[in-house]
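Structure record follows, encoded as structure tokens.
The values are calculated or read from the model by the stated rules, or taken from the named source; none is laboratory data. Bear in mind that the values here come from a model prediction, so they are computed numbers and not experimental data. With ideal geometry, Cβ positions are generated from the backbone for all residues, glycine too; neighbour counts draw on all protein chains shown.
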Amino acid sequence: MDGDDSDRRAARGATPLAVPLARVGGPTRAPRLRLAQHLTLPHSVEARTADAILARILIEAGHLSQADALAAEASARELDLPLARILLARGRVAEDPLLQALSTVHGAPVLSLHDGPPDPRLAHVIPRDLALRAEAVPWRSDGDNVVVATARPDLFEMLAEQAEDGSRLRPALAPGADILDAQTRAWGACLAREAETRAPVGLSCRTWRPVRVFAIALAAATALLVVESLFPGQVVLWAFALAGLSFTANIMLKAGAFAAMLLRPDIPARAPRPPPDIAPHLLRPPVVSILVPMFEEPEIAERLVTHLSRMRYPPERLDVLLLLEADDTVTAKAIAATSLPPFMRVLTVPRGKPRTKPRALNYALPFARGEIVGIYDAEDRPDPNQIAHVVRRYDEVPRDVACLQGRLDYYNTDHNLMARLFTIEYASWFRVLLPGVQRLGLFVPLGGTTLFLRRDALEEVGGWDAHNVTEDAELGLRLARAGYRTELVDTTTYEEATAAVLPWIRQRSRWLKGYLITWATAMRNPLALWRDLGTWRFLGLQAQMFSAVLGFFLAPLLWSLMVVPFGVPHPLAAYLEPHHFVWLGGYMMLSLVLSVAVSVHACRAAHLRRLRPLTPMVELYYMLGTFAAWIGAVELVARPFFWAKTRHGVYGGLAKPQPDAPPET
């Protein structure tokens with residue numbers, strides 16, 4: 001039962017953490033998905049022998065049924081994974097008895113890692129990034145040997161081959177959660193520092209200097225006062241002209257995106273909806289890592305785990321990391337009180353500055369095992385087929401597609417009028433404008449959730465900018481500059497709409513501030529930006545980011561035109577004839593018709609049609625954006641990296657969820 005030497009050698013056979021995607025019965029072709037760093041060779045025949053021994057031990061100990069063992073062994077052969085991985089991920093065997101059985105097979109002791117931190121002098125023995133993915137950590141010296149604690153004994157021979165300085169490694173086993181905790185103690189501080197500066201310095205906003213920005217703004221204001229004193233009325237005229245130009249740029253972008261949606265169906269933003277049983281059609285699905293940043297969200301922790309546990313994707317190929325801040329004890333307690341599935345891990349992000357979502361994502365990336373990296377927010381309720389759909393789509397698109405962005409919708413639409421208008425706005429954004437922008441060949445500003453990235457492309461561009469408060473849009477721009485594309489994919493995640501005015505303004509001020517910082521950072525070297533994007537996308541960027549924010553800043557100037565029909569004096573009356581105001585009024589009415597038409601078209605899905613009578617009110621709702629823009633402008637100087645946290649679970653977010661897939665037609 002203890003196993004002979006050959007059995008122990010067999011248990012150290014190698015297997016990759018992720019394998020290329022292929023279809024059963026499909027044509028042979030080069031895989032489109034590729035792990036950034038393959039860890040090992042395919043599972044060996046000797047390793048299968050060890051799997052058989054492991055199954056026999058568990059059956060004889062009463063921890064595994066014969067039927068479950070046969071099914072798991074078949075899956076292990078099909079997926080080219082060790083049997084222990086299959087059994088644990090599918091919940092067929094608890095981790096403690098599995099570790100005891102693996103100890104017998106491999107002749108390695110089971111350790112308790114709670115006695116103290118790993119020896120920091122040994123951290124260099126194994127390449128750090130390799131150890132993180134292989135669930136291993138150098139623990140203690142034992143004479144001439146270094147004891148390496150691991151939850152993956154099947155990868156130990158590979159670790160031994162990569163050991164530095166000719167170190168001799170001796171394996172020991174420990175639970176995965178204990179390994180993760182030990183890795184955090186061994187390398188957490190270093191990884192946290194790297195997370196803050198991962199993005200290339202020339203493309204990052206971390207060099208943003210508020211004092212310099214304030215000095216520039218003060219100098220500009222002084223210059224305008226001087227010009228106004230020398231040439232009375234000219235500043236006002238220029239301000240109205242600038243407001244008109246930004247308004248026109250925004251309208252042209254909206255009209256172009258809408259027209260592209262209506263007139264260019266040959267460029268699909270919607271892929272055919274996959275069948276519910278998509279996963280069995282893939283021979284070896286890739287590992288998909290899902291990163292879920294959380295902060296002070298104890299109310300929704302249990303529901304988050306429930307919704308992610310419903311994902312229809314092979315659990316042994318799913319890697320979910322819940323990211324908690326070190327001082328967020330309330331969420332940590334809520335998660336600790338929740339039963340997590342085996343494919344879900346909790347990673348604590350060490351204290352540091354700035355405390356932002358992108359910093360947490362950067363910190364988690366080295367721990368992620370997948371070749372596809374997805375992002376969810378804590379309140380998200382994704383379609384259970386979503387990950388399988390994304391994997392299928394990645395197998396169909398060329399390699400220059402580095403990101404698939406899903407749609408966002410809201411499950412608390414009926415909470416109040418604010419929630420309904422927010423739902424209409426998001427429908428317009430994700431169902432018309434973003435697909436239209438994609439068709440026009442412009443850069444696609446990513447949403448903060450339901451985006452799935454090729455890991456190798458993400459690492460190539462430098463991960464996330466930890467200092468940018470709209471890390472999603474900024475990453476989309478950097479991907480575009482590197483020659484990658486983003487595609488909208490036909491799958492929906494439901495979120496909680498911010499359904500109160502002041503929290504909405506706080507949230508929107510962060511978004512607009514982030515747009516301004518992203519634009520200003522990119523425009524520090526406009527020639528390089530032009531070269532990277534090309535003329536068409538460079539010009540589009542000015543409308544997508546700068547004009548969008550400028551339009552909110554200057555909107556009150558255009559609102560002032562509404563007083564002209566009532567005979568109220570207006571500053572432009574000195575420069576325009578009465579019929580010019582008529583033309584301006586007609587132009588603005590046409591823009592209103594366009595906006596309503598976009599909203600109505602966006603609400604064509606069955607569950608959104610009832611909102612169509614409210615679409616004219618969205619223009620009034622947009623007026624709040626002006627307050628948000630000016631708050632964001634002040635924060636550019638006062639606190640540019642401040643992350644205005646949006647609370648979840650307070651606007652009907654704990655109510656009964658929507659069906660998995662509401663009708664889209």
So which of A177, A182 ends up being of a type in the set (G, A, S), more than 22 Å from P82 (Cα to Cα) and either modelled with pLDDT under 90 or part of a helix (DSSP H, G or I) (or both)?
-> A182
Taking the stretch 620-665 and keeping only residues that are modelled with pLDDT of 90 or more and in contact with a Ser or Thr (Cβ under 6 Å, 6 or more places away or on another chain), one is left with A628, I631, G632
Where R206 falls short, out of the listed (1) surrounded by 12 or more Cβ atoms within 10 Å (Cβ to Cβ); (2) not in a helix (DSSP H, G or I) | (2)
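Among the candidates R273, R284, which residue alone is at pLDDT 55 or above and either surrounded by fewer than 18 Cβ atoms within 10 Å (Cβ to Cβ) or more than 30 Å from E325 (Cβ to Cβ) (or both)? Spell out the reasoning first.
On the way: R273 fails: at pLDDT 55 or above.
It is R284.
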List every residue pair whose Cβ atoms sit under 9 Å apart, with the two residues 6 or more apart in sequence or on different chains, where the first one lies in the stretch 216-235 and is among the acidic types (D, E) and the second, anywhere, is part of a helix (DSSP H, G or I).
-> E228/Q234; E228/V235; E228/V236
Does P171 qualify as being surrounded by 19 or more Cβ atoms within 10 Å (Cβ to Cβ), in contact (Cβ under 8 Å) with a residue 40 or more places away in the chain and not aliphatic (A, V, I, L, M)?
-> yes
Log entry, pairs with first residue in the stretch 545-562 being on the phi > 0 side of the Ramachandran plot, second being among the charged types (D, E, K, R), beta carbons closer than 7 Å, six or more apart or on different chains, reads none
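Quick one: which residue in R209, R168, R193, R198 is within 21 Å of P358 (Cβ to Cβ), at pLDDT below 90 and not aliphatic (A, V, I, L, M)?
On the way: R168 fails: within 21 Å of P358 (Cβ to Cβ); R193 fails: at pLDDT below 90; R198 fails: at pLDDT below 90.
Answer to the check: R209.
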Being under 17 Å from D380 (Cα atoms) and in contact (Cβ under 8 Å) with a residue 12 or more places away in the chain narrows R351, R345, R310, R355 down to just R310
Candidate set from the stretch 108-162 (those that are among the acidic types (D, E) and part of a loop (DSSP other than H, G, I, E, B)); member that is surrounded by the fewest Cβ atoms within 10 Å (Cβ to Cβ) | D144
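Keeping to the stretch 393-409, report how many residues are touching a strand residue (DSSP E or B) at 6+ places or on another chain (Cβ under 6 Å) and either in a strand (DSSP E or B) or among the aliphatic types (A, V, I, L, M) (or both). Can you show your working first?
From the stretch 393-409, those touching a strand residue (DSSP E or B) at 6+ places or on another chain (Cβ under 6 Å) are 393, 400-409; that's our starting set.
Subset that is either in a strand (DSSP E or B) or among the aliphatic types (A, V, I, L, M) (or both): 401-409.
Matching residues across the stretch 393-409 total 9.
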Read through the list (1) within 14 Å of A182 (Cβ to Cβ); (2) at pLDDT below 90, then give the number of the only condition that R128 fails.
-> (2)
Filtering the stretch 351-367 down to residues that are assigned to a loop (DSSP other than H, G, I, E, B) and either among the hydroxyl-bearing types (S, T, Y) or at pLDDT 95 or above (or both) yields T356
